[in-house]
Amino acid sequence: MQFNAAVLNRLEDWQYQVITVVIDKKSHRDQYSVWRYHPYHYCLAVMLERYILFLHYGNHRGDVMVESRGRVEDEKLKDSFRRLYQDGTDRIPAERWQERLTSMELKVKPKTANIPGLQLADLIAHPSRREILLDNKLIADDRDTFGNKICAILRDDKYLRSRTGQISGYGKKLLP
């Protein structure tokens, strides 16, 4: 109990913003039967668009790091990141990506590197994913979990928001 309380206190106190993107792979596959973006790379692009806008509106620059998924998968994801950096997306031109990101290279670290930011992302990811699925009635689960307490903190102060305070579509996004 003391440990859980300490974790929740830190999650409240630390300065960070959360962007969670969840993809329904089956819907993605069904909706895009001809053109299909790799689901993981599509999530990366959508998440990074929001991150670029966050950096832009705050007049900041930032870096991007992900947890390793395996040599082949990592190389494919790095290639996808480079294309985003070089070409931009339909919504955000390449110039803005290059202006706001500190590197055209995606940083990839193994879990064993014990990177604090990646550990924080791991702690937040599952509860946030679960909440998005619950919000969209894709799962039914009324358990009271530790993750619910994490999500309450995220909703109160940590999810990225629009200028009007809207979380959905900014700090929380369900794809396809």
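The values are calculated or read from the model by the stated rules, or taken from the named source; none is laboratory data. Quantities reported herein were computed from a predicted structural model and do not represent experimental measurements. Backbone-built Cβ (ideal geometry, glycine too); neighbour counts: all protein chains shown.
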Spot the failing condition for residue 65; the list is (1) under 18 Å from residue 109 (Cβ atoms); (2) in contact with a Lys or Arg (Cβ under 8 Å, 6 or more places away or on another chain); (3) surrounded by 15 or more Cβ atoms within 10 Å (Cβ to Cβ); (4) not basic (Lys, Arg), and only one is missed.
-> (3)
Taking residue 108 as meeting all but one of (1) hydrophobic (A, V, I, L, M, F, W, C); (2) modelled with pLDDT of 95 or more; (3) touching an Asp or Glu at 6+ places or on another chain (Cβ under 8 Å); (4) closer than 25 Å to residue 57 by Cα, write down the number of the exception.
-> (4)
Only one of these conditions is not met by residue 108: (1) surrounded by 12 or more Cβ atoms within 10 Å (Cβ to Cβ); (2) farther than 28 Å from residue 147 by Cβ. Which number is it?
-> (2)
Any residue in segment 144-152 that is farther than 21 Å from residue 53 by Cβ, in contact with a helix residue (DSSP H, G or I) (Cβ under 9 Å, 6 or more places away or on another chain) and at pLDDT below 95?
-> yes
By my count, helices (runs of 4 or more DSSP H) wholly in segment 1-109 with at least 3 residues that are within 18 Å of the chain's Cα centre (by Cα) and in contact (Cβ under 8 Å) with a residue 24 or more places away in the chain are 39-57, 71-87
Search result, residues across segment 151-174 that are loosely packed, with under 13 Cβ neighbours inside 10 Å and not in a loop (DSSP other than H, G, I, E, B) = 156
Mind checking which residues of segment 16-56 are surrounded by 13 or more Cβ atoms within 10 Å (Cβ to Cβ) and of a type in the set (Val, Ile, Thr)?
-> 18, 19, 20, 21, 22, 23, 46, 52
